[in-house]
Amino acid sequence: MKEEVIDQMIERKGEGMKTVVKYIVLKSKEYQLGHPLHEEEIDANSDYFDQLPEQIEYQNLTFQVLSKELNRLKKTGDAEETQTIKVKLVALAD
C-alpha cells in the first residue's frame, strides 16, 4: 500500500497544477506601495516557484524580485492541488 502511494506521488510531481502568480510592487515612482502589478493564472509544475527569474520586465520597466512567497493548498478528498505565489518587486532605476 505504501509503495502505491509513493508511486502516485512521483507520477503527480511532473503534472501541472493550478497556479496563481501575483506580482506586487513595493517601491516605484510609477506605482503606489503594495500596488498589485500583475496577476496570472497558469498551469505550472511544483518547481515553478524556484524557476522564477530575479528580474522581471513589465510595461517597459524592470523590476528586481525582493521576495517570493509560496502557498500550496490541497483540500481533503479533493484530487486537485493549487498553489499561490506572491512575488514582491522593487523597480530598478533606468
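Computed from the coordinates by the stated procedures, all read-outs in this text should not be read as laboratory data. All of these numbers come straight from a predicted model, not from anything done at the bench.
Out of every Cα-Cα pair that segment 16-91 contains, those further apart than 15 angstrom amount to 55 percent. The number of Lys pairs in segment 16-91 with C-alpha atoms less than 14 Å apart, excluding pairs fewer than 8 positions apart on the same chain, is 8.
Scanning residues 5 or more positions from H38 or on other chains, those with amide H under 5 Å from its amide H are Y23, with H placed 1.01 Å from N in the peptide plane.
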